[in-house]
Amino acid sequence: MDRREDSSITATGEMRELSFLFEISQALSRSLNISEVLEPVLAAMEKHLGMVRGTITLLNRATGEIRIEAAHGLSENQRHRGRYSLGEGITGRVVQTGRPAVIPKISEEPTFLDRTGARDGLDKDAISFLCVPIILGNEVIGALSADRPFPGNDELKRDVHLLT
């Protein structure tokens, strides 16, 4: 690849990220009710970043349960099955540690639970999973996660950086 092709790819990636951030800022400015902006944020992840089956999970401090608060690309039944304990699976570990997780191929990760069942019948060698903590002040309150077709490790690193 010559330098012009490389700079073109970089510019395309930057435009994709700026478009994504702009759409999120618009969604956030439309409402002070967080419930009304979560699903548009997940839809923007699919539109601009090629991510599918996005979720926002929140930790209930009283019970220690982590559950899906908003989802894109999951049925209502799948969404209700998305419940985890602290440290359980990838989502539980991200909420417990406050560190993002990138799983290039979910088929190769034994701690990936697919609790929702949303990936049944899909080629798990072709699906990557990204999960980043949602932090308020100094406290992890949940996680933002999404599947995406495996794009290569460099693009996964850029995506997790952007989501973080």
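The values are calculated or read from the model by the stated rules, or taken from the named source; none is laboratory data. On a predicted model such as this, the values are computed, not experimentally measured, just so you know. Positions of Cβ are generated from backbone atoms using ideal geometry, with glycine treated the same way; all protein chains shown enter the neighbour counts. Each accessible area value is taken on the protein alone, full model and side chains, heavy atoms only, with ligands, DNA and RNA left out. Shrake-Rupley method; radii C 1.70, N 1.55, O 1.52, S 1.80 Å.
Things worth noting here:
- Lys157 contributes about 140 Å² of solvent-accessible surface, heavy atoms of the protein only, 1.4 Å probe.
- Accessible-area value, Ser85, 1.4 Å probe, nucleic acids and ligands omitted, Å²: 60
- Translational diffusion coefficient of the range 58-150 (Stokes-Einstein, Kirkwood radius from Cα pairs, 10 °C, 1.306 mPa s): 119 µm²/s.
- Only protein atoms count toward the accessible area here, which uses a 1.4 Å probe; on the range 76-164, the carbon and sulfur part of that area reaches 48 percent.
- Taking all protein chains as they are arranged and a probe of 1.4 Å, the heavy atoms of Arg81 leave approximately 100 Å² accessible to solvent.
- Average accessible area per residue (Å²) across the range 31-133 - probe 1.4 Å, nucleic acids and ligands excluded: 49
- Kirkwood radius for the range 109-164, taken over all pairs of different Cα atoms as the inverse mean of 1/r, rounds to 12.8 Å.
- Cα centroid separation - the range 137-164 against the range 112-136, whole Å: 12
- You can think of it this way: the chain between Thr97 and Ala62 has 10.8 nm of extra reach, that is 0.36 nm per residue less the Cα-Cα gap.
- Under 18 Å from the Leu86 label point (7 Å along Cα→beta-carbon), backbone N, the range 35-66: 57-66
- Mean separation of Cα contacts under 8 Å (6+ apart) over length of the range 37-108, as relative contact order %: 21
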